[in-house]
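Working notes, beginning with the structure itself.
The values are calculated or read from the model by the stated rules, or taken from the named source; none is laboratory data. Source: prediction; values computed, not measured. Here the Cβ positions follow ideal geometry from the backbone for every residue, glycine too, while neighbour counts run over all protein chains shown.
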Amino acid sequence: MKDDSGMDAIFRPKSIAVIGASRKKGSIGRNILHNLIEYEFNGPVFPINPTATVIHSIKCYPSVLDVPDDIDLAIIVVPKQLAIQAAEECGRKGVKGIIMITAGFKEVGGAGAKLEEQLEKIVRKYKMRLVGPNCMGVINTHPDYSLDATFAGVYAHPGNLGFLSQSGALGAAILEYAHDLNLGISQFISVGNKMDISGNDVIRYWADNEDTQVILLYLESFGNPRVFTQLAREIVKRKPIIAVKSGRTRAGAIAASSHTGALANLDVGTGALFEQCGVLRVNTVEELFDLAQAFSRQPIPKGKRTAILTNAGGPGIMATDSVVNVGLQMAEFSESTIKKLKRFLVAEASLSNPLDMIASANEEGYRKSLKILLEDENVDAVIVIFVHPVHIDAEGIARAIIESSRIQGDKPVLCVFMGAKGEGSGVRQLQVAGLPTYSFPESAAMALAAMEKYNRIRSRPLGNVKKFDDIHRNAVKVIFDRVIAEKRDRLYDLEVNKVLSAYGIAMPRFTVVKSLEDAVRFTELTNYPVVLKVLSPEVIHKSDVGGVIVDLRNEAELVRGYMRLQENLSKLDTPLDDYQIMIQEMAKGGKEMIMGVTYDPHFGPLLMVGLGGIYVEIIKDVNFRIFPITDSDAEDMITSLKGYKLLTGVRGEKGVDLNAAVDTLQRISCLVGDFPCISEMDINPFMAFPEGELCLALDSRIALHPVDSVVMQNYLQSASKSKS
């Protein structure tokens, strides 16, 4: 396939220059040259060093400009003061790609950042592609290239894993760990500062790389999250992406006026992005490799039904607990399976799931039992556990498992060899044969659950971003223009109501009253019960000041409620300068939900949905997604709530209208897309009712970015351009 990205110059070079090649043992310049030679790169290598004539028995040149042949890739390891000149000479030579190992650029700030700006200008000027700076290099194990352009101390086994690391130091440890697990890598890249080639560039390149079937990512930051989302959504339909992201916490939370903002901590945007685009997230590098073993070596299961085969009861129970805890199901063996097992297993064996063959189980027991379980139509996957008794040949057990696992090739088999290490343990045989092997059942269950989740991810629809014909954008623009002109950071309650109405989000009937008599007159036009609310720009959360009186069921209660509201407000430490009172129909029945928006400086607007009441205040049962959301995103946000079953109806109750809730989330997404000046928004509570009844926004608030913020200035410039 033709490469229009220029990435072939990095991963598939025909010739390489090492600028800063050295004779000094232990130096990076020597290690890189040594690795290129030892890994048997299929092309000429040109050491560049102005003070040497020969390095590693290869003729050396003072500059790339002195090399008589063409150069595809240059690896630069000279000090940062010389790196800029080296890059300029590469451009003049016609070099297509650079791996800049040299550090001391943007990552150190100040003068380093300015130096990186110079480097970027050179790369753009000569239309080169550059990895780094401050990186560890690149590997391509394909035999046509045999490229190890790193200074790592171990060599990568060929395989189907593409690995991207944003950390060079961690990249070296990752390569060593993969080597120890006998995991094969197709390509590896340490991206460093991502001055030119970003993570998005790499996964786009790997999307069409036949050698790379599983993509692993270690990330510290995102360059362009929206591009990543678009790419990943499409790629995960063909190959899984597994990621570990550092920087999940922050020392102090920024105060937020809305529930949505308060619930959106530093890591929420990352979690939302990964869920939205189908990336499988893990918490540690160890978990990353647990999944990598399974995904790179075994087929994806077609369902959740898991069989456990063991020679010890305790580990079998541990595995059962793990399987259930991660959301998988214990398979129910067919009668035929049980009959077959009875023919050769000892009477003390447990023929239910987990299948415990007891400690005397031998090679033949494992071979026959695994074969029978894999042939059972009620089984989607098998976890095989072996606890090493002294008198049993572990390598023989491994051979038996390998033999039977190949009979039913479309069902995954994951192994747990407990207490078995080193030579004679059988673990290496299993790994070489393509069977993921773990020390404990929990790791196997977690990896299998991730595989089952991926099966659902790749089959789910991408969805569509809905466009609405019944919204009145211009009416809302008038409101926002006025608020911005008055340099306010939030809308008044009545303004919020008008915005929601203009975007087709229904609310109960209401009116603003100036007296108790006005309130009584309102009840003559509607039905009890009603709610009284204070309206004031000084009040963000009405209930905090006693500014909400609910469930007033007749005129007498309305009178008492009206007086109690005024009394509450009069007792405030700081009396309200100006307020109004709103009377509103009270929605009866239904389920309380919360919907909202908050702005994340890295990801932009985040949309949120959750269960209302105590579920948001205490349990925090909420889900976030990055703008814009599709109909599938909106539905998944709701159905994946922990308390979703409460919305479907329990104990004879009717379920809520899911389509109406999905529609409202999409309307909020449309609103924030039309008006990115919104920084926070809550609809709390959003009252969801059964199908056929109107779902209602009972209380809402909208805050805007400060007028002098970058986001607001961009919004104003965009609005100005659209006028012209």
Scanning the stretch 157-177 for residues that are of a type in the set (Gly, Ala, Ser) and surrounded by 24 or more Cβ atoms within 10 Å (Cβ to Cβ), which turns out modelled with the lowest pLDDT?
-> Gly171
What do you reckon, is Ser165 hydroxyl-bearing (Ser, Thr, Tyr), in contact with a Ser or Thr (Cβ under 8 Å, 6 or more places away or on another chain) and in contact (Cβ under 8 Å) with a residue 12 or more places away in the chain?
-> yes
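Per-residue answers, yes or no, for (1) within 17 Å of Ala17 (Cβ to Cβ); (2) among the aromatic types (Phe, Trp, Tyr); (3) surrounded by fewer than 20 Cβ atoms within 10 Å (Cβ to Cβ); (4) in the same structural domain as Lys194 (by TED's automatic domain parsing):
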residue: Ala52; (1), (2), (3), (4): yes, no, yes, yes
residue: Ala74; (1), (2), (3), (4): yes, no, no, yes
residue: Gln85; (1), (2), (3), (4): yes, no, yes, yes
residue: Gly109; (1), (2), (3), (4): no, no, yes, yes
residue: Gln118; (1), (2), (3), (4): no, no, yes, yes
residue: Ile139; (1), (2), (3), (4): no, no, no, yes
In the stretch 605-618, what residues are touching a strand residue (DSSP E or B) at 6+ places or on another chain (Cβ under 8 Å) and more than 9 Å from Glu592 (Cβ to Cβ)?
-> Pro605, Leu606, Leu607, Met608, Val609, Gly610
Kindly indicate which of Asn474, Asn464 is surrounded by fewer than 17 Cβ atoms within 10 Å (Cβ to Cβ), touching a Ser or Thr at 6+ places or on another chain (Cβ under 7 Å) and not β-branched (Val, Ile, Thr).
-> Asn464
Can you give me the number of residues within the stretch 40-91 that are of a type in the set (D, E, K, R) and more than 41 Å from the chain's Cα centre (by Cα)?
-> 4
Kindly indicate whether any position in the stretch 535-543 is surrounded by 14 or more Cβ atoms within 10 Å (Cβ to Cβ), in contact with a Leu (Cβ under 6 Å, 6 or more places away or on another chain) and either part of a helix (DSSP H, G or I) or at pLDDT below 90 (or both).
-> yes
Among (1) in contact with a Leu (Cβ under 8 Å, 6 or more places away or on another chain); (2) part of a loop (DSSP other than H, G, I, E, B); (3) surrounded by fewer than 18 Cβ atoms within 10 Å (Cβ to Cβ) - the single one Ile338 does not satisfy | (2)
Within the stretch 524-531, is even one residue in a strand (DSSP E or B) and within 49 Å of the chain's Cα centre (by Cα)?
-> yes
Exception for Ala361 within (1) modelled with pLDDT under 95; (2) farther than 30 Å from Asp636 by Cβ; (3) surrounded by fewer than 20 Cβ atoms within 10 Å (Cβ to Cβ) falls at (3)
If a residue has to be under 16 Å from Tyr126 (Cα atoms), β-branched (Val, Ile, Thr) and not in a loop (DSSP other than H, G, I, E, B) to count, how many in the stretch 53-81 make the cut?
-> 1
Residues that are within 22 Å of Asp70 (Cα to Cα) and part of a loop (DSSP other than H, G, I, E, B), drawn from the stretch 23-43 = Tyr39, Glu40, Phe41, Asn42, Gly43
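Every residue, every condition in (1) farther than 25 Å from Ile185 by Cβ; (2) more than 32 Å from the chain's Cα centre (by Cα), yes or no:
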| position | (1), (2) |
| --- | --- |
| Ala398 | no, yes |
| Ile402 | no, yes |
| Gln408 | yes, yes |
| Gly419 | yes, yes |
| Gly434 | no, no |
| Thr437 | no, no |
Just for the stretch 200-242: of the residues that are over 12 Å from the mean Cα position of the chain (by Cα) and of a type in the set (Phe, Trp, Tyr), which one is farthest from Leu280 (Cα to Cα)?
-> Tyr205
Out of (1) farther than 27 Å from Val279 by Cβ; (2) touching a Phe, Trp or Tyr at 6+ places or on another chain (Cβ under 8 Å), what's the single condition that is false for Asp621?
-> (1)
Hey, among the residues in the stretch 275-326 that are part of a helix (DSSP H, G or I), of a type in the set (Gly, Ala, Ser) and in contact with a strand residue (DSSP E or B) (Cβ under 8 Å, 6 or more places away or on another chain), which one's modelled with the lowest pLDDT?
-> Gly313
Before we move on, is Glu517 surrounded by 14 or more Cβ atoms within 10 Å (Cβ to Cβ), among the acidic types (Asp, Glu), more than 35 Å from the chain's Cα centre (by Cα) and in a helix (DSSP H, G or I)?
-> no
Note on the stretch 587-602: residues more than 18 Å from Ala703 (Cβ to Cβ) and within 18 Å of the chain's Cα centre (by Cα) are His602
Out of (1) at pLDDT 95 or above; (2) touching an Asp or Glu at 6+ places or on another chain (Cβ under 7 Å), the odd one out for Ser700 is which?
-> (1)
Select from the stretch 422-451 the residues that are among the charged types (D, E, K, R) and touching a residue at least 12 places away in the same chain (Cβ under 8 Å) and write down the one among them that is surrounded by the fewest Cβ atoms within 10 Å (Cβ to Cβ).
-> Arg428
For the stretch 6-51 the number of residues that are closer than 14 Å to Asp148 by Cβ and hydrophobic (A, V, I, L, M, F, W, C) is 11
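Under the condition of being aliphatic (A, V, I, L, M) and under 20 Å from Leu716 (Cβ atoms), which residue from the stretch 661-692 is surrounded by the most Cβ atoms within 10 Å (Cβ to Cβ)?
In this case the residue turns out to be Met681.
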Name, by its number, the condition in (1) under 21 Å from Met595 (Cβ atoms); (2) touching a Cys at 6+ places or on another chain (Cβ under 8 Å); (3) modelled with pLDDT under 95 that does not hold for Ala661.
-> (3)
Considering the stretch 82-113 alone, what residues qualify as being modelled with pLDDT under 95 and in a helix (DSSP H, G or I)?
-> Lys106, Glu107, Val108, Ala111, Gly112, Ala113
If only one of Glu286, Glu332, Glu348 is outside the structural domain of Arg367 (by TED's automatic domain parsing) and surrounded by fewer than 20 Cβ atoms within 10 Å (Cβ to Cβ), which one is it?
-> Glu286
Quick one: would you say Ala152 is under 22 Å from Lys24 (Cβ atoms) and either at pLDDT 95 or above or surrounded by 20 or more Cβ atoms within 10 Å (Cβ to Cβ) (or both)?
-> yes
Looking at (1) in contact (Cβ under 8 Å) with a residue 12 or more places away in the chain; (2) surrounded by fewer than 17 Cβ atoms within 10 Å (Cβ to Cβ), which is the only condition Gly561 fails?
-> (2)
